[in-house]
Amino acid sequence: MSKDKILYEGKAKTIIKGPTKHTLIQRFKDDATAYNKKKHKIFKGKGALNNKISEYIMNYLRLERVPLSFIKRVNERDQLIKECEIIPIEFVVRNIITGSIAKKLDLKEGIKLKKPLLEYYYKEDSLDDPMISRDHVEAFSWASKSEIAKIDKLSLKINNSLSRLFKKKGLILVDFKLEFGRLKSDKTKIVLADEISPDSCRLWDIKTNQKLDKDVFRKGLGSLLTAYQEVASRLGIGH
Ligand code: UDP
């Protein structure tokens, strides 16, 4: 175990040296954090649940021809992924107004947007991930114009695919965050990286609007594990 070479320790995941060139192991932790680590708690089993939920979603997106860094899940906690250079932007897609946008612009929660809204946030904890414009991304060379065009298109495609998938499972995809990277083996290739799980998506029950995502923890609405387990079971993922 101690032979694992940790390359990066994140809030919810650890990145470990992979078994072959240009691969890494992404290990899911049980830690939940919110409000830039101001709130932190460990939920035993959360890592394993998110590992399986994200595996399911990535495999679904692979069938939809979304380029991925995800290769496969290898055990309860770990995924084998392709090494990539992460673009330091959080790409947020919103279908319904809630969370930071409702607060920032004093908008009514729960309003459905006429079309999905794409937002960019600069990934820098010390600045609380500030919202930026597409021009900032280009001006500071975080990504090129053509990379952003590709990412916007992929983000909307992912939103369409996942909204459809979750709808079939009785869930509304309210909003979510994506990360993209350039493959180490070929920097011209943009891939979807990181994870897609209830840590990074807002999911509401289609009938009751019950929150089944990290807002349960953020807002202290009940058991996070029960909510994540419900998402897993709707997707048909066993223990
Ligand atoms: N999100 C995330 N990581 C972040 C910030 C946001 O995964 O560091 C996700 C969040 O779970 C939600 C969406 O992105 O699904 C939009 O989040 P929002 O901007 O409303 O921020 P929050 O209310 O989470 O601070």
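The values are calculated or read from the model by the stated rules, or taken from the named source; none is laboratory data. Source: prediction; values computed, not measured. Cβ coordinates were reconstructed from backbone atoms using ideal geometry, including for glycine residues, and neighbour counts include every protein chain displayed. Ligands, DNA and RNA are excluded from the accessible area calculation, which covers all protein heavy atoms including side chains. Shrake-Rupley method; radii C 1.70, N 1.55, O 1.52, S 1.80 Å.
At a glance:
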| item | result |
| --- | --- |
| Hey, Leu203 surrounded by 21 or more Cβ atoms within 10 Å (Cβ to Cβ) and of a type outside the set (S, T, N, Q) or not | yes |
| Residue within region 157-174 that is crowded, with 20+ Cβ neighbours inside 10 Å, at pLDDT 95 or above and of a type in the set (D, E, K, R) present | no |
| Qualifying positions in region 17-59 - within 18 Å of the chain's Cα centre (by Cα), among the basic types (Lys, Arg) and outside any strand (DSSP E or B) | Lys29, Lys37, Lys46, Lys52 |
| Cβ-Cβ under 8 Å pairs, at least 6 apart or on other chains, region 20-34 side among the small types (Gly, Ala, Ser) and modelled with pLDDT under 95, far side surrounded by 18 or more Cβ atoms within 10 Å (Cβ to Cβ) and outside any strand (DSSP E or B) | Ala34/Lys214; Ala34/Phe217 |
| Region 99-122: number of residues that are open to solvent by less than 70 Å² (accessible area, probe 1.4 Å), within 12 Å of the ligand (Cβ to nearest atom) and at negative phi | 9 |
| Condition met for Ser144 (more than 21 Å from Asp215 (Cβ to Cβ), open to solvent by less than 80 Å² (accessible area, probe 1.4 Å) and either more than 16 Å from the chain's Cα centre (by Cα) or among the hydrophobic types (A, V, I, L, M, F, W, C) (or both)) | yes |
| Helices (runs of 4 or more DSSP H) enclosed by region 138-239 - at least 3 residues per element that are more than 15 Å from the ligand (Cβ to nearest atom), within 25 Å of Lys52 (Cβ to Cβ) and without any contact (Cβ under 8 Å) to a residue 60 or more places away in the chain | 145-168, 224-234 |
| Some residue of region 7-16 being part of a loop (DSSP other than H, G, I, E, B), in contact (Cβ under 8 Å) with a residue 40 or more places away in the chain and closer than 26 Å to Leu156 by Cα | yes |
| Residues that are among the hydrophobic types (A, V, I, L, M, F, W, C), open to solvent by less than 70 Å² (accessible area, probe 1.4 Å) and within 21 Å of Val231 (Cβ to Cβ), drawn from region 15-56 | Phe28, Ala32, Ala34, Phe43, Ala48, Leu49, Ile53 |
| Every residue from region 125-134 that is surrounded by 11 or more Cβ atoms within 10 Å (Cβ to Cβ) and without any contact (Cβ under 8 Å) to a residue 40 or more places away in the chain | Pro130, Met131, Arg134 |
| Residue match in region 57-72 (condition: open to solvent by less than 80 Å² (accessible area, probe 1.4 Å) and farther than 25 Å from Lys153 by Cβ) | no |
| Members of region 83-98 that are open to solvent by 50 Å² or more (accessible area, probe 1.4 Å) and not β-branched (Val, Ile, Thr) | Glu85 |
| Single condition Leu80 does not satisfy, out of (1) away from the ligand (no atom under 16 Å from the Cβ); (2) crowded, with 16+ Cβ neighbours inside 10 Å; (3) in a helix (DSSP H, G or I); (4) over 15 Å from the mean Cα position of the chain (by Cα) | (3) |
